[in-house]
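Single-structure report; data block below.
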Amino acid sequence: MKQNVIIDCDPGIDDSLALMMALSSKDIEVIGITIVCGNSPVEMGFANAKKILKHMNRLDIPVYLGADKPLKKEYVNALDTHGADGLGESFLEEVSGYEQPMQAVEFLSDVLRKKACTVIAIGPLTNLAHLIAYDEEAFHRIEKLISMGGNYRSHGNCSPVAEYNYWEDPEAASMVYAQMEKSGKKLYMVGLDVTRQIVLRPDLLSYMERLEPLQGAFIRRITKFYYDFHWEQERLIGCVINDPLAVAYALDPQICSGCEAYVQIETDGLCRGQSVVDAHGFCKKEANAYVLTEVDVKKFFSMFFALVLHKSASELIALENIW
Ligand code: RIB
Ligand code: CA
């Protein structure tokens, strides 16, 4: 059975790699893509999603414009990380078309009332917060909510304690986690504790180019800026590709492990956006999240390469040598 998936994203370089991965899987039916302001302003994210869909020859998939600003905080983009075009300054050709029959929140409300879907949220949670206000019942019909965001024991990436998606719109993240507590369900938090371990190293990128020159060159084109950013900011040789792990987790939950916990998002002050993970029951609240803490990195890259390069496991045997 294919898994119906809606991807809420802010493309964004790693969002784009996540889209490529999801679109390559025979086990995922991408029902639609909703765009939220985050890495890129929402119109830019919309344009970038279309560029990726065109590259993947999947312009059949609908894309919907969502929130152009956070619920309360001033909008702060991450173009310093993702480049002036939000796609690593690859400046891919613009893709026309895609009239807007409805806003993202209307699409989410409509589809979630009709189909059992997994929502993979890999940007700030503003669209999902709007959905709660617009159609709370539809939000509760989300079969599985996977959010790339937050951090438990790992340090922040845009403040000492906060990860960007939750820092960007902490009120939205707080609202979503509170709604999960109300529903008695758990959000799957794919945070920096696991995504920081997913580093697309130069040798892995070279390996991709060897196996599939065109796709490898495309990925190099959109990640070069991101490599430079990681070297300048963290003296890291490689780039952390956060978002694809959320897709991998939707495909195979065994790829990660973690703990159930009550999570609350701080909305203001120095700790704005911090995902406070109460793994020891101090708050005496039921768990509203499953917080991922371990990941099988090699298994991730095997899955990533197999999907994005369309290779069988036997064709990836060379991966054994470079691991
Ligand atoms: O903190 C990393 C997350 O913020 C990723 O989803 C990245 O694309 C940005 O949205
Ligand atoms: Ca993202």
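Size of the dipole of segment 168-296 about the Cα centre, Lys and Arg at +1 and Asp and Glu at -1 on the beta carbon, nothing else charged, in debye to 20?
The calculated dipole for segment 168-296 is roughly 160 debye.
Quick one: order Tyr134, Tyr64, Tyr290, Tyr166 by neighbouring beta-carbon count within 10 Å, fewest to most.
Tyr134, Tyr290, Tyr64, Tyr166
Quick check on the chain: what does the Kirkwood estimate of hydrodynamic radius come out to from the alpha carbon pairs, in Å?
So the Kirkwood estimate lands at 19.4 Å.
Roughly how many nanometres apart are two label points built 7 Å out from the Cα toward the Cβ at Met102 and Ser257?
4.2
What's the magnitude of the charge dipole for the chain around its Cα centre, counting Lys and Arg as +1 and Asp and Glu as -1 at the beta-carbon? Answer in Debye, nearest 20.
The calculated dipole for the chain is roughly 640 debye.
Pick from Met148, Met102, Met44: which residue has the top mean-square fluctuation in a GNM of the chain where Cα pairs under 10 Å get a spring?
Largest GNM mean-square fluctuation: Met102.
Take every DSSP beta bridge whose two residues both sit in the chain, then give the antiparallel share in percent to the nearest 5.
About 35 percent, rounded to the nearest 5.
Among Arg153, Arg272, rank each residue by its count of other Cβ atoms within 10 Å, from fewest to most, as a rough exposure measure.
By the 10 Å Cβ count, ascending, the order reads Arg153, Arg272.
Which of Ser40, Met1, Leu92 sits farthest toward the positive end of the charge dipole of segment 1-113, with +1 on the Cβ of Lys and Arg and -1 on the Cβ of Asp and Glu?
The residue sitting farthest along the positive end of the dipole is Met1.
Treating only the Cβ atoms of Lys and Arg (+1) and Asp and Glu (-1) as charged, compute the dipole magnitude of segment 106-226 about its Cα centre; round to the nearest 20 debye.
Charge dipole, segment 106-226, about its Cα centre: 480 debye, nearest 20.
Per DSSP H run of n ≥ 4, the term is -39500 (n - 2.57); total these for the chain, divide by its residue number, and report the mean residue ellipticity at 222 nm rounded to 500 deg cm²/dmol.
About -12000 deg cm²/dmol.
What percentages make up the Cα-Cα pair-distance distribution of segment 1-114 when the bins are 5 Å wide from 0?
2, 12, 23, 24, 20, 12, 5, 1, 0
If a/c stays under 1.5 just call it rounded; otherwise compare a/b with b/c (prolate if a/b is bigger, oblate if not). Do that for segment 169-323, with a ≥ b ≥ c from the square roots of the Cα gyration tensor eigenvalues.
Prolate, since a/c reaches 1.5 and a/b exceeds b/c.
Greater than 24 Å separation of Cα atoms is the criterion. Which listed pairs, Lys114/Lys185; Lys115/Lys182; Lys73/Lys284; Lys73/Lys185; Lys2/Lys285, meet it?
The pairs that break the limit, which is 24 Å between Cα atoms, are Lys73/Lys284; Lys73/Lys185; Lys2/Lys285.
Quick check: Cα centre of segment 184-230 to Cα centre of segment 74-128, how many Å?
After rounding, the separation between the Cα centres reads 19 Å.
Lys2 versus Glu29, label points 7 Å from Cα toward the beta carbon: distance in nm?
The answer from the label model is 0.6 nm.
Which order results if Leu211, Leu53 are arranged by neighbouring Cβ count within 10 Å, fewest first?
Leu211, Leu53
Choose one answer from His82, His130, His280: the residue with the largest mean-square fluctuation in a GNM of the chain with alpha-carbon springs under 10 Å.
His280
Rule-based calculations on the coordinates, nothing more; no lab input. A quick note: this is a predicted structure, and the numbers were derived from the prediction, not measured. Here Cβ is always computed from backbone atoms with ideal geometry, including for glycine, and neighbour counts include all displayed protein chains.
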